[in-house]
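Each remark here refers to the structure printed beneath this line.
The values are calculated or read from the model by the stated rules, or taken from the named source; none is laboratory data. A quick note: this is a predicted structure, and the numbers were derived from the prediction, not measured. So basically every Cβ, Gly included, is an ideal-geometry build from the backbone, and we count neighbours across all protein chains shown. For the accessible areas, the whole protein counts, side chains as well, though only heavy atoms, and no ligand, DNA or RNA atoms are used. Shrake-Rupley method; radii C 1.70, N 1.55, O 1.52, S 1.80 Å.
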Amino acid sequence: MEKEFDPYLRIDDVTVDRSDAAMLRAIDDCGSLSGAAEALERSYPRLQQRVVALEEAIGPLVERTRGGADGGGSSLTEAAWGLLERFDRLVAAYEGVARVDETVFSGPVVDRDGELATVETAVGTILAVVPADTRTAGVTIRSDAVSLHSPSDAPPAGGTSVRNRFPGTVTWLEAGDAVARVGIALENGSNPDGEAVPELVALVTRRSVEALGLEAGRSIVASVKATAARGVAIEAHDGRDVDG
C-alpha cells in the first residue's frame, strides 16, 4: 500500500485533491467539460462522472447553459470557487509548514541505460537520472518523493516503475497537524570509510502515519521512482572525478 505526501480535502465520503482542483480550473478556462477533458487529456465520461460525484457531496459546482447566441457552455458556481479557495489555503499551509528534506547517497556509476544510471552507494544500488559521462555521482532523494509501505504490501522492484526499494526501520517521527517527517535507518546501510550513513527522510500525511502504524522501531519499506532520484557528478577540487 503506497503512501505519498499530497494535500487533500475530505468532504463527507469524497476526497478532493490536486487533480480535482485542476479539473475545476480547466472547466473555467475552457468553458466546457469537453474542453476541460481535452485540455487535461482525460476521458470525458470519467471527468463528467467525477464532477457528478463531487456535486453529490458538495452541491452544484458547474453551471451549464445550453444553446443561445454563444452556443452554451459551463462555468463554475460560487460553491466551486469557495472550494478552490479552501484547497488553495490548504496547499499554502502544507507548503509553508511541510519542510522538504534532501538525502544524498554517493558512489560510483556501475551501469547505464540511457539517462538512467546505476549508482553503487552505501545503501546498495540506486537507479537514478545521472548526467552522461559521470563516473561518481551524488544521488539526491527528496523527502516528498519517498513512498512508504508495510513490508508485506511493498511492490516488487522489478514489477513496477518504482525501481528503488529500501527496507529499514523508523528511527524518529516529527508530526505536525497534517503532515509528518519520518526518519528511516536503512537495513543495507554500511560505509567502508567508517562514516555515518545518512538516514532517509520521508514526508507523509498524518493519515499515512495512522494507516501504517508509524512509530520508532517500526519496520518499513521506502520506495523511490528512478526518475525522482537525481544524480550529479562529484568532482575533486582539481576538476577530476573523485575516483579518477
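Inspect the range 34-44 for any residue being polar (S, T, N, Q), at pLDDT below 90 and over 23 Å from residue 228 (Cβ atoms) and give the result as yes or no. No.
In this structure, residue 24 qualifies as touching a residue at least 60 places away in the same chain (Cβ under 8 Å), surrounded by 12 or more Cβ atoms within 10 Å (Cβ to Cβ) and over 20 Å from residue 206 (Cα atoms). Among residues of the range 188-244 being open to solvent by 40 Å² or more (accessible area, probe 1.4 Å) and β-branched (Val, Ile, Thr), the one that is modelled with the highest pLDDT is 232. Residues in the range 146-186 that are in contact with a helix residue (DSSP H, G or I) (Cβ under 9 Å, 6 or more places away or on another chain), at pLDDT below 90 and among the aliphatic types (A, V, I, L, M): 5 in all. Which residues, taken from the range 22-64, are part of a helix (DSSP H, G or I), of a type in the set (Lys, Arg) and more than 23 Å from residue 88 (Cβ to Cβ)? The answer is 46, and nothing else.
Screening residue 105 against (1) surrounded by 16 or more Cβ atoms within 10 Å (Cβ to Cβ); (2) out of contact with any Lys or Arg (no Cβ under 9 Å at 6 or more places or on another chain); (3) more than 22 Å from residue 227 (Cβ to Cβ) leaves a single unmet condition, (3).
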